[in-house]
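The values are calculated or read from the model by the stated rules, or taken from the named source; none is laboratory data. Remember, it's a predicted structure, so these values are computed and weren't measured experimentally. Ideal geometry is used to build each Cβ from the backbone, glycine not excepted, and the neighbour counts take in all protein chains shown. Remember, those area values only see protein heavy atoms, side chains included, never the ligands or the DNA or RNA. Shrake-Rupley method; radii C 1.70, N 1.55, O 1.52, S 1.80 Å.
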Amino acid sequence: MKGRLITFEGGEGCGKSTQIRLLADRLKSLCHKVREVREPGGTPLGEKIRDLLKHDPAGRGMAPEAELLLMNASRAQLVREVVRPALDAGEIVLCDRFFDSTVAYQSGGRGLSRESVDAVIDQAVGSTRPDLTLLLSVSGDEALRRVAARSAAAPALEDRFEQEKQAFFDRVEAAYAALAAAEPDRIRVVAAEGDPAGVAERVWQVVKDVLPPILGPA
Ligand code: TMP
């Protein structure tokens, strides 16, 4: 039986992790089998790559092309080690970012050509594509407030992406908007302002229509 791959996308501070947790809890309470993963990361190899991409001082000055390849090295491992086996077992995989992030950040944000980005993504994921993508949208001010609160809570953890200039994030947002306009059936935009429970309800209204049958005991 085939599971479902549901991916969450959005800029910094859009509330993805909270919404993934709330959705996972709801699905589990209905007896669905749920796998939560994040990108970059989600495997032992991927988590090392994540650290290089986000925090390690060796990543300062990283070339956009190296960034593209590292993101997709992590993704290639995640797809083969976790996502495909889980889907084959009929599970619902909730992925915190997937290849739309690469289009938004490495093509939109960094300016790499869409052709070069798509070619690398194709190699990393093959035919493993999301059944549904939720694009969480918040105003720039709200996102900035959330990122500031997060850095205040963990001041030692410098993040290479969060230090980018506003123009970079504006290009990322524009690329996400273009993706959502090009693929309205797969990518559903969810207003992510306000209290998390209200956002979770909006997420549920979109997700409930794509769920697989509930699996019996293993
Ligand atoms: P996050 O887990 O806090 O969302 O951090 C992941 C960061 O990596 C975020 O700034 C977006 C960035 N990113 C890319 O630039 N390209 C990608 O393909 C992925 C998955 C993430």
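Observations on the model:
- The lone exception for residue 111 - which of (1) surrounded by fewer than 23 Cβ atoms within 10 Å (Cβ to Cβ); (2) in contact with a Pro (Cβ under 9 Å, 6 or more places away or on another chain); (3) in a helix (DSSP H, G or I) it fails: (3)
- Of the residues contained in the range 142-154, none is found to be more than 16 Å from the ligand (Cβ to nearest atom) and β-branched (Val, Ile, Thr).
- Restricted to the range 1-96, the set of helices (runs of 4 or more DSSP H) holding at least 1 residues that are open to solvent by 10 Å² or more (accessible area, probe 1.4 Å) and more than 21 Å from residue 157 (Cβ to Cβ) comprises 16-29, 64-78, 84-88.
- For residue 150, the criteria (1) assigned to a loop (DSSP other than H, G, I, E, B); (2) open to solvent by 90 Å² or more (accessible area, probe 1.4 Å); (3) within 30 Å of residue 92 (Cα to Cα) hold in every case but one, which is (1).
- Complete set of residues in the range 1-33 that are in contact (Cβ under 8 Å) with a residue 24 or more places away in the chain and among the charged types (D, E, K, R): 2, 4, 9, 12, 16, 26, 33
- Here is the figure for the range 153-186: residues that are modelled with pLDDT of 90 or more, part of a helix (DSSP H, G or I) and more than 30 Å from residue 2 (Cα to Cα) total 9.
- In the range 55-88, residue farthest from the ligand (Cβ to nearest atom) [restricted to those that are small (Gly, Ala, Ser) and either touching a strand residue (DSSP E or B) at 6+ places or on another chain (Cβ under 9 Å) or free of Cβ contacts under 8 Å to residues at least 60 places away in the same chain (or both)]: 86
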